[in-house]
Each structure stands twice: as structure tokens, then as C-alpha cells.
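Notes for the one structure printed next.
Every read-out reported here was derived from the displayed coordinates using simple, explicitly stated rules and does not represent laboratory data. The shown structure was predicted, so the numbers you read here are calculated from the model rather than taken from an experiment. Don't worry about glycine lacking a Cβ; one is built from the backbone with ideal geometry, like all the others, and counts go over all protein chains shown.
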Amino acid sequence: MGTPATERMQKHRRQMRQAGFRLVQIWVPDTRRPDFAQECRRQGLRVAQADRADTQLHTLMDAAAADVDGWTA
């Protein structure tokens, strides 16, 4: 027999599955690392450079933004 906490978690997971959900676990960057902010900035600058170099991207984004009618309730 499991601990009360384990049993509660199993019950919760069972209820979520019955409601049509699926448990997904992912690894994400550790925001507490000392170099996290520096790495975010580095990646952001690279994205900005790529955006400036890709003139067709702006046209695509404008077209996509103009075609959002009906996406939300």
C-alpha cells in the first residue's frame, strides 16, 4: 500500500486521464543558473540578426497576422 501522498497523486492522475488529459514531462533550462540571462541574450541577438537578414520573413509575418480571424472564441 502506498503513502497517502502517493495515493492522492495516483487518484489525481487517474481523474486527469479520465478527463482526456495526458501527462507530459519535459526538461527545460534552469533559470537559476548564473549564465542563464547571458545565454538568453546571446540567443535573442542571434534571432534578431536572422530576422533582419530575412526580408521575406516580414512579409510572411504580416500575411499571417492579417489572417487570424476566427482563431479565438
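Descriptive notes on the structure:
- Simple spin-label estimate for Arg46 and Ala19 gives 3.8 nm between the two label positions (7 Å along the Cα-to-Cβ direction from each Cα).
- Full extension of the chain segment joining Asp67 with Trp27 gains 11.1 nm, where the gain is 0.36 nm per residue of separation less the Cα-Cα distance.
- Restriction of the trypsin sites (Lys or Arg not before Pro) in the chain to DSSP coil positions whose beta-carbon has at most 12 other beta-carbons within 10 angstrom yields Arg22, Arg32.
- You can think of it this way: the chain between His12 and Thr55 has 10.6 nm of extra reach, that is 0.36 nm per residue less the Cα-Cα gap.
- Direction-averaged projected area, Cα convex hull, the chain: 9.9 nm², rounded to one decimal.
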